[in-house]
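J.: One structure is given below, represented as structure tokens, and several questions about it will come after.
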Amino acid sequence: MNQRIAVYPGSFDPPTMGHLDIIRRAAALYDTLYVAVLINTNKQELFSLEERVALLEQELAAFPNIKVSSFRGLLVDYCKQHEIGVIIRGLRAVSDYEYEMQIAQMNRSLSADIETVFLMTNTKYSFLSSSIVKEVVRFGGDVSDVVPPIVAQKLSEKMGG
Ligand code: ADP
């Protein structure tokens, strides 16, 4: 495992400014950052996997050390395939803490040589989540301050706005 290669995994349905803030900061800390979109068959998705990957690729095209991809199954298996030594997660309010600890401890017991590193959210985005974005858009609200323009455009296309 290489401690200079990190992965930021998530659903990114859709990517928000909170995600992008964590991605930019993590990309500055590691040689290579994989942004890995989770293929989650249980969750109700607004954007398809292909759409989420395409949005992130467009948004992150200027960063030579960021690779956007997707994964299914266990994150630690994906890490082993790509020699990833660090998992990045973002922490917002205390409400994230318990869930994130659970995942981090499970990943540690599955693979002790992969570290989870938490980056604190930018306070501007403490209460920002993909679900709240979808909720606001559903009722016709403006989310242009909290998602990148290409995401705002796709959202309004989808919602017929
Ligand atoms: P998941 O379904 O894995 O929780 P998300 O796409 O919702 O995927 O989130 C991925 C990661 O990004 C998680 O660690 C989450 O806590 C973090 N995150 C989400 N929104 C923000 C935000 N506004 N600021 C900082 N971190 C965030």
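The values are calculated or read from the model by the stated rules, or taken from the named source; none is laboratory data. Computed from a predicted structure; not experimentally measured. All Cβ positions, even for glycine, are placed from backbone atoms using ideal geometry, and neighbour counts span all protein chains on display. Remember, those area values only see protein heavy atoms, side chains included, never the ligands or the DNA or RNA. Shrake-Rupley method; radii C 1.70, N 1.55, O 1.52, S 1.80 Å.
J.: Sort out for me the strands (runs of 3 or more DSSP E) sitting completely within the range 54-139 that have 3 or more residues that are within 13 Å of the ligand (Cβ to nearest atom). Lay out the reasoning, then the answer.
T.: Working: elements: 66-71, 84-91, 115-120.
Output list reads 84-91, 115-120.
J.: If a residue has to be open to solvent by less than 30 Å² (accessible area, probe 1.4 Å) and of a type in the set (V, I, T) to count, how many in the range 109-120 make the cut?
T.: Counting residues in the range 109-120 that are open to solvent by less than 30 Å² (accessible area, probe 1.4 Å) and of a type in the set (V, I, T) gives 1.
J.: Which residue is least open to solvent (accessible area, probe 1.4 Å), if the candidates are limited to the range 24-44 and must be away from the ligand (no atom under 11 Å from the Cβ) and among the small types (G, A, S)?
T.: The qualifying residue least open to solvent (accessible area, probe 1.4 Å) is A27.
J.: I'd like the residue in the range 45-56 that is more than 28 Å from N2 (Cα to Cα) and touching a residue at least 24 places away in the same chain (Cβ under 8 Å) and, out of all such residues, is most open to solvent (accessible area, probe 1.4 Å).
T.: E45
J.: If you don't mind, there's one more thing I want to ask. Consider the range 135-147. How many of its residues are at negative phi and surrounded by fewer than 19 Cβ atoms within 10 Å (Cβ to Cβ)?
T.: 8
Residues checked against (1) modelled with pLDDT of 95 or more; (2) touching a strand residue (DSSP E or B) at 6+ places or on another chain (Cβ under 8 Å); (3) surrounded by 15 or more Cβ atoms within 10 Å (Cβ to Cβ):
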site: K67; (1), (2), (3): yes, yes, yes
site: L74; (1), (2), (3): yes, no, no
site: Y78; (1), (2), (3): yes, yes, yes
site: V86; (1), (2), (3): yes, yes, yes
site: V94; (1), (2), (3): no, no, no
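J.: Quick one: which of D21, D13 is in contact with a Leu (Cβ under 8 Å, 6 or more places away or on another chain) and within 12 Å of the ligand (Cβ to nearest atom)? Steps first, please.
T.: Numbers: D21 fails: in contact with a Leu (Cβ under 8 Å, 6 or more places away or on another chain).
Every option except D13 fails the conditions.
J.: Name the pairs whose Cβ atoms lie under 7 Å apart, with the first residue in the range 58-77 and closer than 18 Å to A6 by Cβ and without any contact (Cβ under 8 Å) to a residue 40 or more places away in the chain, the second in a loop (DSSP other than H, G, I, E, B) and open to solvent by less than 60 Å² (accessible area, probe 1.4 Å), and 6 or more positions between them or separate chains?
T.: Partner pairs satisfying both residue conditions: S70/I39; V76/S111; V76/I114.
J.: Among the residues of the range 96-108, is any surrounded by 11 or more Cβ atoms within 10 Å (Cβ to Cβ) and among the hydroxyl-bearing types (S, T, Y)?
T.: Checked against the condition, which is being surrounded by 11 or more Cβ atoms within 10 Å (Cβ to Cβ) and among the hydroxyl-bearing types (S, T, Y), the range 96-108 yields at least one hit.
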